[in-house]
Amino acid sequence: MTIDQFNFSGKKAFVRVDFNVPLDENFNITDDTRIRAALPTLKKILADGGSLIIGSHLGRPKGVADKFSLKHILNHVSEKLGVEVQFANDCMGEEAAVKAAALQPGEALLLENLRFYAEEEGKPRGLAEDATDEEKAAAKKAVKESQKEFTKKLASYADCYVNDAFGTAHRAHASTALIAKYFDKDHKMFGYLMEKEVKAVDKVLNDIQRPFTAIMGGSKVSSKIEIIENLLNKVDNLIIAGGMTYTFTKAQGGKIGISICEDDKLDLALDLMKKAQEKGVNLVLAVDAKVADSFSNDANTKFCPVNEIPDGWEGLDIGPETEKIFADVIKGSKTILWNGPTGVFEFDNFTHGSRAVGEAIVEATKNGAFSLVGGGDSVACVNKFGLASGVSYVSTGGGALLEAIEGKILPGIAAINE
Ligand code: AMP
(Lines give C-alpha, C1' and ligand atoms only; values in the text may rest on other atoms or scores of the structure.)
Protein backbone atom coordinates (compact mmCIF):
# COMPACT_ATOMS: atom_id res chain seq x y z
CA MET A 1 0.00 0.00 0.00
CA THR A 2 1.24 3.51 -0.70
CA ILE A 3 0.17 6.64 1.12
CA ASP A 4 -1.27 8.08 -2.10
CA GLN A 5 -3.39 5.00 -2.70
CA PHE A 6 -4.83 5.00 0.81
CA ASN A 7 -7.92 7.00 1.68
CA PHE A 8 -7.61 8.08 5.32
CA SER A 9 -11.18 9.37 5.54
CA GLY A 10 -12.63 8.35 8.91
CA LYS A 11 -9.48 6.41 9.74
CA LYS A 12 -7.10 6.83 12.66
CA ALA A 13 -3.47 6.64 11.60
CA PHE A 14 -0.58 5.88 13.93
CA VAL A 15 2.23 7.85 12.33
CA ARG A 16 5.79 7.23 13.53
CA VAL A 17 7.75 10.39 12.86
CA ASP A 18 11.22 11.48 13.81
CA PHE A 19 10.66 14.62 15.89
CA ASN A 20 14.01 14.17 17.60
CA VAL A 21 14.87 17.85 17.13
CA PRO A 22 17.63 19.80 18.86
CA LEU A 23 16.42 22.02 21.72
CA ASP A 24 18.27 24.82 23.51
CA GLU A 25 18.35 25.19 27.32
CA ASN A 26 14.97 26.97 27.23
CA PHE A 27 13.45 24.18 25.14
CA ASN A 28 13.31 26.25 21.99
CA ILE A 29 13.72 24.21 18.83
CA THR A 30 16.99 25.23 17.20
CA ASP A 31 16.41 23.33 13.95
CA ASP A 32 12.93 22.14 12.96
CA THR A 33 13.96 20.38 9.73
CA ARG A 34 12.68 17.03 10.96
CA ILE A 35 9.27 18.45 11.86
CA ARG A 36 8.96 20.16 8.51
CA ALA A 37 10.04 16.98 6.75
CA ALA A 38 7.06 15.05 8.19
CA LEU A 39 4.44 17.70 7.36
CA PRO A 40 3.43 16.47 3.87
CA THR A 41 2.47 13.08 5.32
CA LEU A 42 0.66 14.49 8.34
CA LYS A 43 -1.21 17.08 6.26
CA LYS A 44 -2.29 14.54 3.64
CA ILE A 45 -3.88 12.36 6.33
CA LEU A 46 -5.74 15.29 7.88
CA ALA A 47 -6.83 16.59 4.46
CA ASP A 48 -8.27 13.16 3.63
CA GLY A 49 -10.42 13.40 6.77
CA GLY A 50 -8.30 11.08 8.84
CA SER A 51 -7.02 11.65 12.36
CA LEU A 52 -3.45 11.46 13.60
CA ILE A 53 -1.84 9.66 16.48
CA ILE A 54 1.73 10.90 16.27
CA GLY A 55 4.50 8.91 17.93
CA SER A 56 8.15 9.91 18.23
CA HIS A 57 11.19 9.71 20.41
CA LEU A 58 13.19 12.70 21.61
CA GLY A 59 16.77 12.26 22.77
CA ARG A 60 17.96 9.24 24.70
CA PRO A 61 16.04 9.22 27.99
CA LYS A 62 16.67 6.40 30.44
CA GLY A 63 13.14 6.73 31.83
CA VAL A 64 10.61 9.55 32.27
CA ALA A 65 12.45 12.89 32.17
CA ASP A 66 10.94 16.36 31.69
CA LYS A 67 13.97 17.37 29.66
CA PHE A 68 12.97 14.89 26.96
CA SER A 69 9.23 15.56 27.02
CA LEU A 70 7.60 16.09 23.64
CA LYS A 71 5.33 18.70 25.25
CA HIS A 72 8.16 21.15 24.58
CA ILE A 73 7.54 20.90 20.86
CA LEU A 74 3.73 20.66 20.95
CA ASN A 75 3.02 24.31 20.11
CA HIS A 76 5.49 24.28 17.27
CA VAL A 77 3.94 21.14 15.78
CA SER A 78 0.44 22.68 16.08
CA GLU A 79 1.63 25.83 14.39
CA LYS A 80 3.30 23.99 11.50
CA LEU A 81 0.42 21.57 11.05
CA GLY A 82 -2.23 24.29 11.22
CA VAL A 83 -4.39 22.46 13.77
CA GLU A 84 -4.30 22.45 17.55
CA VAL A 85 -2.57 19.17 18.39
CA GLN A 86 -3.67 17.44 21.59
CA PHE A 87 -1.14 15.85 23.92
CA ALA A 88 -1.14 12.58 25.87
CA ASN A 89 1.18 12.81 28.88
CA ASP A 90 1.98 9.14 28.59
CA CYS A 91 2.10 7.08 25.41
CA MET A 92 0.62 4.13 27.36
CA GLY A 93 -2.23 4.06 29.87
CA GLU A 94 -5.82 5.31 29.97
CA GLU A 95 -5.25 8.88 28.87
CA ALA A 96 -3.63 7.99 25.56
CA ALA A 97 -6.24 5.33 24.79
CA VAL A 98 -9.18 7.60 25.64
CA LYS A 99 -7.80 10.57 23.73
CA ALA A 100 -6.98 8.42 20.71
CA ALA A 101 -10.44 6.88 20.71
CA ALA A 102 -12.11 10.30 20.88
CA LEU A 103 -10.22 11.75 17.90
CA GLN A 104 -12.49 13.15 15.20
CA PRO A 105 -11.58 13.46 11.51
CA GLY A 106 -9.04 16.24 11.07
CA GLU A 107 -7.81 16.06 14.68
CA ALA A 108 -4.35 15.16 15.90
CA LEU A 109 -2.84 13.73 19.07
CA LEU A 110 0.85 13.76 19.96
CA LEU A 111 1.94 10.97 22.30
CA GLU A 112 4.58 11.54 24.96
CA ASN A 113 8.11 10.33 24.19
CA LEU A 114 7.98 6.63 23.29
CA ARG A 115 11.45 6.10 24.75
CA PHE A 116 10.21 6.90 28.24
CA TYR A 117 9.51 3.16 28.15
CA ALA A 118 12.36 0.67 27.84
CA GLU A 119 9.96 -1.41 25.76
CA GLU A 120 10.26 0.99 22.82
CA GLU A 121 13.87 -0.03 22.23
CA GLY A 122 13.46 -3.43 23.87
CA LYS A 123 16.61 -2.96 25.94
CA PRO A 124 16.63 -3.48 29.71
CA ARG A 125 17.28 -0.46 31.91
CA GLY A 126 18.54 0.07 35.41
CA LEU A 127 20.65 -3.08 35.54
CA ALA A 128 23.28 -3.01 38.29
CA GLU A 129 26.78 -2.60 36.91
CA ASP A 130 27.84 -5.86 38.51
CA ALA A 131 24.83 -7.76 37.14
CA THR A 132 25.62 -11.35 36.25
CA ASP A 133 25.11 -12.75 32.78
CA GLU A 134 22.04 -14.61 34.02
CA GLU A 135 20.57 -11.41 35.45
CA LYS A 136 21.25 -9.60 32.20
CA ALA A 137 19.63 -12.38 30.19
CA ALA A 138 16.59 -12.44 32.49
CA ALA A 139 16.20 -8.67 32.25
CA LYS A 140 16.44 -8.84 28.48
CA LYS A 141 13.86 -11.60 28.34
CA ALA A 142 11.52 -9.62 30.60
CA VAL A 143 11.69 -6.45 28.50
CA LYS A 144 11.19 -8.43 25.29
CA GLU A 145 8.09 -9.98 26.85
CA SER A 146 6.60 -6.68 27.98
CA GLN A 147 7.57 -5.16 24.63
CA LYS A 148 4.86 -7.28 23.01
CA GLU A 149 2.17 -5.74 25.22
CA PHE A 150 3.60 -2.26 24.68
CA THR A 151 3.58 -2.67 20.90
CA LYS A 152 0.10 -4.17 20.84
CA LYS A 153 -1.20 -1.25 22.89
CA LEU A 154 0.29 1.33 20.52
CA ALA A 155 -1.20 -0.52 17.57
CA SER A 156 -4.62 -0.67 19.25
CA TYR A 157 -5.01 3.12 19.00
CA ALA A 158 -5.19 3.11 15.21
CA ASP A 159 -6.70 1.60 12.06
CA CYS A 160 -3.53 1.94 10.01
CA TYR A 161 0.21 2.48 10.46
CA VAL A 162 2.41 4.96 8.62
CA ASN A 163 6.18 5.01 9.08
CA ASP A 164 7.77 8.33 8.17
CA ALA A 165 10.81 8.08 10.45
CA PHE A 166 13.71 7.20 8.17
CA GLY A 167 16.19 8.31 10.83
CA THR A 168 15.25 5.30 12.98
CA ALA A 169 14.52 2.82 10.16
CA HIS A 170 17.66 0.86 11.05
CA ARG A 171 16.28 0.08 14.49
CA ALA A 172 13.88 -2.80 15.16
CA HIS A 173 12.02 -0.83 17.83
CA ALA A 174 8.40 -1.24 18.86
CA SER A 175 7.07 1.79 17.00
CA THR A 176 9.44 1.65 14.03
CA ALA A 177 9.13 -1.99 13.04
CA LEU A 178 7.40 -4.39 15.45
CA ILE A 179 4.10 -2.51 15.38
CA ALA A 180 3.73 -3.18 11.65
CA LYS A 181 2.87 -6.83 12.43
CA TYR A 182 -0.46 -5.68 13.81
CA PHE A 183 -1.58 -4.28 10.47
CA ASP A 184 -2.14 -6.18 7.23
CA LYS A 185 -0.35 -5.07 4.09
CA ASP A 186 -3.29 -2.89 3.02
CA HIS A 187 -3.13 -0.91 6.26
CA LYS A 188 0.57 -0.12 6.60
CA MET A 189 2.69 2.12 4.45
CA PHE A 190 5.61 4.53 4.22
CA GLY A 191 5.02 8.24 4.64
CA TYR A 192 6.17 10.60 1.88
CA LEU A 193 9.56 11.30 3.48
CA MET A 194 10.30 7.63 3.91
CA GLU A 195 9.16 6.93 0.35
CA LYS A 196 11.60 9.54 -0.97
CA GLU A 197 14.47 8.16 1.12
CA VAL A 198 13.79 4.60 0.03
CA LYS A 199 13.66 5.67 -3.62
CA ALA A 200 16.92 7.65 -3.35
CA VAL A 201 18.76 4.75 -1.74
CA ASP A 202 17.34 2.37 -4.33
CA LYS A 203 18.63 4.59 -7.09
CA VAL A 204 22.23 4.46 -5.88
CA LEU A 205 22.12 0.78 -4.98
CA ASN A 206 20.01 -0.76 -7.72
CA ASP A 207 19.24 1.65 -10.54
CA ILE A 208 22.71 2.92 -11.31
CA GLN A 209 23.55 5.19 -14.23
CA ARG A 210 27.29 4.97 -14.87
CA PRO A 211 29.86 6.10 -14.11
CA PHE A 212 28.98 5.83 -10.43
CA THR A 213 31.24 7.72 -8.03
CA ALA A 214 31.17 7.56 -4.25
CA ILE A 215 33.03 10.11 -2.16
CA MET A 216 33.71 8.80 1.32
CA GLY A 217 35.10 11.29 3.78
CA GLY A 218 35.00 11.67 7.52
CA SER A 219 37.45 10.80 10.19
CA LYS A 220 37.96 7.04 10.44
CA VAL A 221 38.29 4.07 8.11
CA SER A 222 37.08 1.78 10.88
CA SER A 223 33.60 3.34 10.89
CA LYS A 224 33.29 3.07 7.12
CA ILE A 225 34.82 -0.34 6.29
CA GLU A 226 31.57 -2.12 5.61
CA ILE A 227 30.30 0.69 3.42
CA ILE A 228 33.54 0.87 1.49
CA GLU A 229 33.53 -2.89 0.96
CA ASN A 230 29.94 -2.87 -0.25
CA LEU A 231 30.58 0.10 -2.51
CA LEU A 232 33.56 -1.64 -4.12
CA ASN A 233 31.00 -4.02 -5.66
CA LYS A 234 28.98 -1.14 -7.09
CA VAL A 235 31.00 1.93 -7.98
CA ASP A 236 33.29 2.82 -10.86
CA ASN A 237 35.18 5.44 -8.82
CA LEU A 238 35.69 5.52 -5.08
CA ILE A 239 37.12 8.75 -3.77
CA ILE A 240 38.60 8.48 -0.29
CA ALA A 241 38.85 11.78 1.55
CA GLY A 242 39.02 13.29 5.03
CA GLY A 243 40.92 11.83 7.95
CA MET A 244 40.84 8.32 6.39
CA THR A 245 43.32 9.54 3.79
CA TYR A 246 46.29 9.35 6.13
CA THR A 247 45.76 5.73 7.07
CA PHE A 248 46.01 4.92 3.36
CA THR A 249 49.03 7.18 2.91
CA LYS A 250 50.91 5.69 5.85
CA ALA A 251 50.02 2.16 4.75
CA GLN A 252 51.85 2.91 1.49
CA GLY A 253 54.92 4.17 3.33
CA GLY A 254 54.16 7.89 3.16
CA LYS A 255 55.09 10.44 5.85
CA ILE A 256 51.96 11.84 7.49
CA GLY A 257 53.38 13.88 10.39
CA ILE A 258 50.82 13.95 13.21
CA SER A 259 47.78 13.50 10.93
CA ILE A 260 44.92 11.37 12.23
CA CYS A 261 45.68 7.72 11.52
CA GLU A 262 44.47 4.30 12.61
CA ASP A 263 47.66 2.31 12.95
CA ASP A 264 45.77 -0.94 13.41
CA LYS A 265 44.03 -0.44 10.07
CA LEU A 266 47.08 -0.12 7.81
CA ASP A 267 46.72 -3.68 6.50
CA LEU A 268 43.04 -3.12 5.97
CA ALA A 269 43.79 -0.02 3.89
CA LEU A 270 46.16 -2.03 1.68
CA ASP A 271 43.60 -4.79 1.44
CA LEU A 272 40.91 -2.34 0.32
CA MET A 273 43.31 -0.98 -2.31
CA LYS A 274 43.95 -4.50 -3.56
CA LYS A 275 40.25 -5.32 -3.65
CA ALA A 276 39.56 -2.15 -5.60
CA GLN A 277 42.17 -3.15 -8.15
CA GLU A 278 40.78 -6.67 -8.47
CA LYS A 279 37.29 -5.33 -9.01
CA GLY A 280 38.42 -2.72 -11.51
CA VAL A 281 37.34 0.17 -9.28
CA ASN A 282 39.23 3.42 -9.69
CA LEU A 283 40.25 4.21 -6.11
CA VAL A 284 41.04 7.91 -5.98
CA LEU A 285 43.21 9.11 -3.12
CA ALA A 286 44.47 12.58 -2.27
CA VAL A 287 47.86 13.64 -3.66
CA ASP A 288 48.30 16.83 -1.62
CA ALA A 289 47.06 18.18 1.68
CA LYS A 290 46.47 21.45 3.47
CA VAL A 291 48.51 20.91 6.59
CA ALA A 292 48.43 22.74 9.91
CA ASP A 293 50.86 22.98 12.82
CA SER A 294 48.03 22.45 15.32
CA PHE A 295 44.42 21.22 15.35
CA SER A 296 42.96 24.71 15.24
CA ASN A 297 41.33 27.11 12.80
CA ASP A 298 44.09 29.63 13.50
CA ALA A 299 46.99 27.24 12.97
CA ASN A 300 49.77 28.08 10.51
CA THR A 301 49.08 26.30 7.24
CA LYS A 302 50.75 25.26 4.02
CA PHE A 303 50.22 22.81 1.18
CA CYS A 304 52.40 19.76 0.68
CA PRO A 305 52.34 16.34 -1.00
CA VAL A 306 50.12 14.04 1.03
CA ASN A 307 53.01 11.61 1.64
CA GLU A 308 55.54 14.25 2.67
CA ILE A 309 53.88 15.91 5.64
CA PRO A 310 56.57 17.36 7.93
CA ASP A 311 56.93 16.21 11.54
CA GLY A 312 54.64 18.15 13.85
CA TRP A 313 52.18 19.01 11.04
CA GLU A 314 48.84 17.39 10.27
CA GLY A 315 46.61 17.24 7.22
CA LEU A 316 43.30 18.95 7.91
CA ASP A 317 42.01 19.21 4.33
CA ILE A 318 42.87 18.22 0.77
CA GLY A 319 45.10 20.46 -1.32
CA PRO A 320 44.37 22.20 -4.67
CA GLU A 321 45.73 19.42 -6.90
CA THR A 322 43.53 16.87 -5.16
CA GLU A 323 40.53 19.19 -5.44
CA LYS A 324 41.05 19.25 -9.19
CA ILE A 325 41.44 15.47 -9.48
CA PHE A 326 38.33 14.84 -7.35
CA ALA A 327 36.29 17.46 -9.23
CA ASP A 328 37.19 15.98 -12.63
CA VAL A 329 36.08 12.51 -11.56
CA ILE A 330 32.86 13.86 -10.04
CA LYS A 331 31.98 15.99 -13.05
CA GLY A 332 32.31 12.96 -15.32
CA SER A 333 29.84 10.92 -13.21
CA LYS A 334 26.17 10.08 -13.66
CA THR A 335 25.45 8.73 -10.16
CA ILE A 336 27.10 10.29 -7.12
CA LEU A 337 27.01 9.43 -3.45
CA TRP A 338 28.68 11.75 -0.96
CA ASN A 339 29.25 10.86 2.66
CA GLY A 340 31.63 12.79 4.85
CA PRO A 341 33.70 15.98 4.46
CA THR A 342 37.17 16.08 2.87
CA GLY A 343 38.58 17.84 5.91
CA VAL A 344 37.79 19.47 9.23
CA PHE A 345 34.99 21.54 7.72
CA GLU A 346 33.94 22.85 11.14
CA PHE A 347 37.03 25.12 10.92
CA ASP A 348 36.45 27.79 8.26
CA ASN A 349 40.05 27.62 7.11
CA PHE A 350 39.67 23.95 6.20
CA THR A 351 36.40 23.99 4.25
CA HIS A 352 37.83 24.57 0.80
CA GLY A 353 38.09 20.91 -0.22
CA SER A 354 34.60 19.98 0.95
CA ARG A 355 33.18 23.03 -0.79
CA ALA A 356 35.00 22.10 -4.02
CA VAL A 357 33.57 18.58 -3.86
CA GLY A 358 30.10 19.97 -3.17
CA GLU A 359 30.34 22.40 -6.07
CA ALA A 360 31.52 19.67 -8.46
CA ILE A 361 28.54 17.55 -7.40
CA VAL A 362 26.18 20.46 -8.06
CA GLU A 363 27.67 20.91 -11.51
CA ALA A 364 27.39 17.20 -12.32
CA THR A 365 23.78 17.27 -11.10
CA LYS A 366 23.04 20.20 -13.43
CA ASN A 367 24.39 18.02 -16.24
CA GLY A 368 21.96 15.23 -15.44
CA ALA A 369 23.66 13.17 -12.73
CA PHE A 370 21.70 11.83 -9.76
CA SER A 371 23.38 12.88 -6.51
CA LEU A 372 22.64 11.66 -3.02
CA VAL A 373 24.23 13.35 -0.02
CA GLY A 374 23.82 12.04 3.48
CA GLY A 375 25.05 10.42 6.62
CA GLY A 376 26.98 11.98 9.45
CA ASP A 377 28.24 15.44 8.77
CA SER A 378 27.57 15.58 5.05
CA VAL A 379 24.23 17.29 5.49
CA ALA A 380 25.70 19.95 7.79
CA CYS A 381 28.38 20.38 5.15
CA VAL A 382 26.07 21.03 2.17
CA ASN A 383 23.91 23.27 4.34
CA LYS A 384 26.96 25.26 5.48
CA PHE A 385 27.88 25.91 1.84
CA GLY A 386 24.29 26.56 0.70
CA LEU A 387 24.51 23.73 -1.82
CA ALA A 388 21.57 21.57 -0.66
CA SER A 389 19.22 22.77 -3.40
CA GLY A 390 21.76 21.90 -6.09
CA VAL A 391 21.96 18.18 -5.34
CA SER A 392 19.29 15.62 -6.22
CA TYR A 393 18.60 14.43 -2.71
CA VAL A 394 19.80 15.21 0.80
CA SER A 395 18.99 12.31 3.09
CA THR A 396 17.62 12.94 6.58
CA GLY A 397 19.05 9.63 7.77
CA GLY A 398 22.45 9.35 9.41
CA GLY A 399 23.00 5.80 10.63
CA ALA A 400 19.97 4.55 8.68
CA LEU A 401 21.36 5.78 5.37
CA LEU A 402 24.80 4.35 6.05
CA GLU A 403 23.39 0.95 6.99
CA ALA A 404 21.25 0.94 3.84
CA ILE A 405 24.33 1.67 1.75
CA GLU A 406 26.22 -1.07 3.56
CA GLY A 407 23.62 -3.32 1.97
CA LYS A 408 21.76 -4.10 5.19
CA ILE A 409 18.01 -4.61 5.24
CA LEU A 410 16.54 -1.91 7.45
CA PRO A 411 13.93 -3.31 9.88
CA GLY A 412 11.70 -0.25 9.49
CA ILE A 413 11.56 -0.76 5.74
CA ALA A 414 11.27 -4.54 5.83
CA ALA A 415 8.35 -4.33 8.28
CA ILE A 416 6.26 -2.35 5.80
CA ASN A 417 7.24 -4.46 2.80
CA GLU A 418 6.53 -7.80 4.51
P1 AMP B 1 32.29 11.24 10.12
O2 AMP B 1 31.37 11.46 11.26
O3 AMP B 1 33.03 9.94 10.14
O4 AMP B 1 31.64 11.52 8.78
O5 AMP B 1 33.47 12.27 10.29
C6 AMP B 1 33.27 13.65 10.21
C7 AMP B 1 34.35 14.33 10.96
O8 AMP B 1 35.59 14.02 10.39
C9 AMP B 1 34.23 15.82 10.96
O10 AMP B 1 33.99 16.25 12.27
C11 AMP B 1 35.59 16.29 10.47
O12 AMP B 1 36.08 17.37 11.21
C13 AMP B 1 36.46 15.07 10.66
N14 AMP B 1 37.62 15.10 9.79
C15 AMP B 1 37.63 15.18 8.45
N16 AMP B 1 38.90 15.26 7.98
C17 AMP B 1 39.72 15.24 9.05
C18 AMP B 1 41.13 15.30 9.21
N19 AMP B 1 41.92 15.40 8.16
N20 AMP B 1 41.62 15.25 10.46
C21 AMP B 1 40.79 15.14 11.52
N22 AMP B 1 39.45 15.07 11.43
C23 AMP B 1 38.91 15.12 10.21
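The values are calculated or read from the model by the stated rules, or taken from the named source; none is laboratory data. Please read all numbers here as calculations on a predicted model, not as lab measurements. Positions of Cβ are backbone-derived with ideal geometry, glycine not excepted, and every protein chain shown enters the neighbour counts. These accessible areas exclude ligands, DNA and RNA; they are computed on the full protein's heavy atoms, side chains included. Shrake-Rupley method; radii C 1.70, N 1.55, O 1.52, S 1.80 Å.
Given a cut-off of under 8 Å on Cα pairs at least six residues apart, what relative contact order in percent is computed for the chain?
15 percent
Order Lys99, Lys384, most accessible first, counting only protein heavy atoms with a 1.4 angstrom probe.
Lys384, Lys99
Once you charge only the Cβ atoms, +1 for Lys and Arg and -1 for Asp and Glu, what is the size of the charge dipole of the stretch 1-136 about its Cα centre, to the nearest 20 debye?
Values: 17 positive and 23 negative charges, 122 e Å.
That gives a dipole near 580 debye.
Kindly sort Lys366, Lys148 by accessible area of their heavy atoms, largest first, with the probe set to 1.4 Å. Intermediate values should be presented prior to the final figure.
Numbers: Lys366 165, Lys148 110 Å².
Reading off the accessible areas and sorting them downward yields Lys366, Lys148.
Going by a ≥ b ≥ c, the root eigenvalues of the Cα gyration tensor, does the stretch 195-264 fall in the rounded group (a/c under 1.5), the prolate group (a/b larger than b/c) or the oblate group?
Here the stretch 195-264 falls in the prolate category.
Can you tell which of Gly312, Gly332, Gly59 lies farthest toward the positive end of the dipole of the chain, using +1 and -1 charges on the Cβ of basic and acidic side chains (Lys, Arg; Asp, Glu)?
Farthest towards the positive end: Gly332.
Ordered by residue, what ³J(HN,Hα) values in Hz, to whole numbers, does the stretch 284-296 give under the Karplus form 6.51 cos²θ - 1.76 cosθ + 1.60, where θ = phi - 60° and Gly and Pro are x?
Rounded to whole hertz, the list is 10, 10, 5, 10, 9, 9, 8, 9, 10, 8, 7, 7, 7.
Shape verdict for the stretch 22-72, please, from the Cα gyration tensor: rounded (a/c under 1.5), prolate (a/b greater than b/c) or oblate. Intermediate values should be presented prior to the final figure.
Numbers: a/c = 3.01, a/b = 1.79, b/c = 1.68.
Because a/c hits 1.5 or more and a/b exceeds b/c, the stretch 22-72 counts as prolate.
Filter the trypsin sites (Lys or Arg not before Pro) in the stretch 154-241 down to the DSSP loop ones having no more than 16 other Cβ atoms within 10 Å, then list what survives.
Sparse-neighbourhood loop trypsin sites (Lys or Arg not before Pro): Lys220.
Report Rg/Rh for the stretch 260-364, rounded to two decimals, where Rg is the Cα radius of gyration and Rh the Kirkwood radius. Working shown, then result.
Numbers: Rg = 14.7 Å, Rh = 14.9 Å.
That ratio equals 0.98.
Would you mind calculating the relative contact order of the stretch 204-405 from Cα pairs under 8 angstrom and at least 6 residues apart, reporting the percent as a whole number?
Computed over the stretch 204-405, the figure is 22 percent.
Please name whichever of Phe347, Thr213, Gly49 sits farthest to the positive end of the charge dipole of the chain, dipole taken about the Cα centre and charges placed at Cβ: Lys and Arg +1, Asp and Glu -1.
The residue sitting farthest along the positive end of the dipole is Gly49.
Under a 1.4 Å probe, what is the accessible area of the chain per residue, stated in Å²?
43 Å²
Treat every Asp and Glu Cβ in the stretch 220-336 as -1 and every Lys and Arg Cβ as +1, leave all other atoms uncharged, and give the resulting dipole magnitude about the Cα centre to the nearest 20 debye. Walk me through the intermediate numbers first.
Numbers: 14 positive and 19 negative charges, 94 e Å.
Once rounded to the nearest 20, the dipole reads 460 debye.
Among the listed pairs Lys144/Lys265; Lys199/Lys224; Lys43/Lys71; Lys123/Lys188; Lys199/Lys331, which are separated by more than 27 Å between their Cα atoms?
Lys144/Lys265
5 Å is the cut-off here: which amide hydrogens, built 1.01 Å from N in the peptide plane, fall below it relative to Asp288, excluding neighbours closer than 5 in sequence?
When sequence neighbours closer than 5 places are left aside, the close amide H contacts are Val306, Gly319, Thr322.
At each listed q (0.09 Å⁻¹), what is the log10 of I(q)/I(0) that the Debye formula gives for the chain modelled as equal alpha-carbon point scatterers?
Per q value, in the given order, log10 I(q)/I(0) is -0.64.
Mind listing the long-range amide H neighbours of Ile260? Cut-off is under 5 Å, sequence gap 5 or more, other chains count too, H placed in the peptide plane at 1.01 Å from N.
Counting only residues 5 or more places away or on other chains, the set is Gly315.
Could you tell me which GluC sites (Glu not before Pro) in the stretch 99-149 are loop residues by DSSP with no more than 12 other beta carbons within 10 angstrom of their beta carbon?
Counting only loop positions with at most 12 other Cβ atoms within 10 Å, the GluC sites (Glu not before Pro) in the stretch 99-149 are Glu129.
Sort all Cα-Cα distances of the stretch 12-190 into consecutive 10 angstrom bins from zero, then give the percent of pairs in each bin up to the one containing the longest distance.
10, 38, 36, 13, 3, 0
Select from Ser222, Val357, Cys261 the residue farthest towards the positive end of the dipole of the stretch 204-405; place +1 on Cβ of Lys and Arg, -1 on Cβ of Asp and Glu, and compute about the Cα centre.
Val357
Where the centroid of each part is defined by its Cα atoms, how far is the stretch 187-220 from the stretch 224-246 in Å?
Using only Cα atoms to place each centre, the spacing works out to 16 Å.
Kindly write out, for the stretch 195-203 in residue order, the coupling ³J(HN,Hα) from the Karplus curve 6.51 cos²θ - 1.76 cosθ + 1.60 (θ = phi - 60°), rounded to whole Hz, with x marking Gly and Pro.
Per residue, the Karplus-derived 3J(HN,Hα) values read 4, 5, 5, 4, 5, 5, 5, 4, 5 Hz.
May I ask you to give the percent of accessible area on the chain that is carbon plus sulfur, with a probe radius of 1.4 Å?
Whole-percent figure for carbon plus sulfur exposure: 48.
Only four residue types carry charge here, +1 at the Cβ of Lys and Arg and -1 at the Cβ of Asp and Glu. Report the dipole size of the chain about the Cα centre in Debye, rounded to the nearest 20.
1080 debye
Apply the Karplus curve 6.51 cos²θ - 1.76 cosθ + 1.60, θ = phi - 60°, to the phi angles in the stretch 319-336 and return the couplings in whole Hz, x for Gly and Pro.
Once rounded to whole Hz, the list reads x, x, 5, 4, 3, 5, 4, 4, 4, 4, 5, 5, 5, x, 9, 10, 10, 9.
For the stretch 146-237, what's the relative contact order in percent, using C-alpha pairs closer than 8 Å and at least 6 residues apart?
Value for the stretch 146-237: 25 percent.
Rounded, prolate or oblate for the stretch 204-405? Axes are the square roots of the Cα gyration tensor eigenvalues, ordered a ≥ b ≥ c, and the cut-off for rounded is a/c under 1.5. Provide the component values of the computation, followed by the final result.
Values: a/c = 1.71, a/b = 1.26, b/c = 1.35.
Since a/c reaches 1.5 but b/c is at least a/b, the shape of the stretch 204-405 is classed as oblate.
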